[in-house]
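Let me begin by presenting the structure, written as structure tokens, before commenting on it.
What follows is calculated from the coordinates using simple rules that are stated; it is not laboratory data. These numbers come from a predicted model, not from an experiment. Note that each Cβ is placed from the backbone with ideal geometry, even for glycine, and that neighbours are counted across all protein chains shown.
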Amino acid sequence: MNVLIIEDEPLAAQALAALLTRLRPATRILAALGSVEEAVEWLRAQPAPDLLFCDIHLSDGNSFDIFRQVAVGTPVIFTTAYDAYAIQAFQVNSVDYLLKPLQATEMERALQKYETRHPATLPAAVANMQRLVHSMPRSRFLVKAGQALKAVPVDDVAYFLAEEGVVFLVTHAGKRFIIPDTLDQLEGQLDAQNFFRINRQFILSIEAVQEIRPYFKGRLVLQVMPQAAGEALVVSASRAPAFKHWLDH
């Protein structure tokens, strides 16, 4: 499925693309455009995408201006923080109208509506649904406690820490358990609304973050509970905007 995103907030466009590729791994994002002018120019010059995701308010006007300037036969899913345009949206090939912040369940519903109207995509849709079932966020971790095994609910996890090739699960109560997963694997298993990877060593639960302070060169330094031994927890300058966005949503 070839998808065009029209969204003037880069972080929102990135989040939408990430959610789409998680729900439909075969999705190809053709472009992410931030203005009416860019969208009109692209749609006039390029073959039509299979599906269009479109915010209402863009940097240079209203997205409905796009449809006044160029004939668009592509199905559209609107994504917006406002619900005042729903009736107008359904006059321009709209499949659905999703309110921000986008939720996986609502996005899945919208994609299923699109696929129902386009039967050629159904085999892929079934396969993608199967992948989704198997890729739902982890709800617990089986760990070794002495000679016994116990299940640790994901809500009990404060953070995951990698030290010298070993990954530890650290609970809010300060207990540490070795787990076999790598941080790269955990990123794909955890709910992105509740966990964020701040650097190569740490994936934090939002509940563990106690204090955030500015640091050198656009970085952030964090205080977490339970406290992490060793060096300060630093969010890089490149990840700082995404980290702030994560905290604010």
**Item:** the chain: most fluctuating residue of Pro226, Pro180, Pro75 per GNM, C-alpha cutoff 10 Å
**Value:** Pro180
**Asked** Roughly speaking, what is the stretch gain from Ala48 to Lys150, that is 0.36 nm per residue apart minus the C-alpha to C-alpha distance, in nm to one decimal?
**Response** 31.5 nm
**Asked** Which distance in nm do the two modelled labels at Leu30 and Leu183 give, with both placed 7 Å along the Cα-to-Cβ direction?
**Response** 3.8 nm
**Prompt:** Counting pairs of alpha carbon atoms under 8 Å apart in space and at least six apart in sequence, what relative contact order in percent does the chain give?
**Reply:** 11 percent
**Prompt:** Tell me which lysines have Cα within less than 30 Å of Lys150's Cα, excluding those fewer than 8 residues away on the same chain?
**Reply:** Lys175
**Request:** Rank Gln69, Gln189, Gln112 by mean-square fluctuation in a GNM of the chain with C-alpha springs under 10 angstrom and give only the top-ranked residue.
**Result:** Gln69
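Using the Cα centre of the chain as the reference point, and only Cβ charges (+1 on K/R, -1 on D/E), how large is the resulting charge dipole? Debye, rounded to the nearest 20.
760 debye
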**Asked** Most fluctuating residue of Ala148, Ala232, Ala192 in a GNM of the chain with Cα springs under 10 Å: which is it?
**Response** Ala148
**region 19-72-region 191-249 distance, computed between alpha-carbon centres (Å)** = 33 Å
**Request:** Identify all aspartates and glutamates with a Cα-Cα distance to Lys100 below 16 Å; exclude those on the same chain that are fewer than 8 residues away in sequence.
**Result:** Glu7, Asp8, Glu9, Asp55, Asp83, Glu108, Asp248
**Request:** Return the sequence-ordered ³J(HN,Hα) values of region 4-11 in whole Hz as given by the Karplus equation 6.51 cos²θ - 1.76 cosθ + 1.60 applied to θ = phi - 60°, using x for Gly and Pro.
**Result:** 10, 10, 10, 7, 8, 9, x, 5
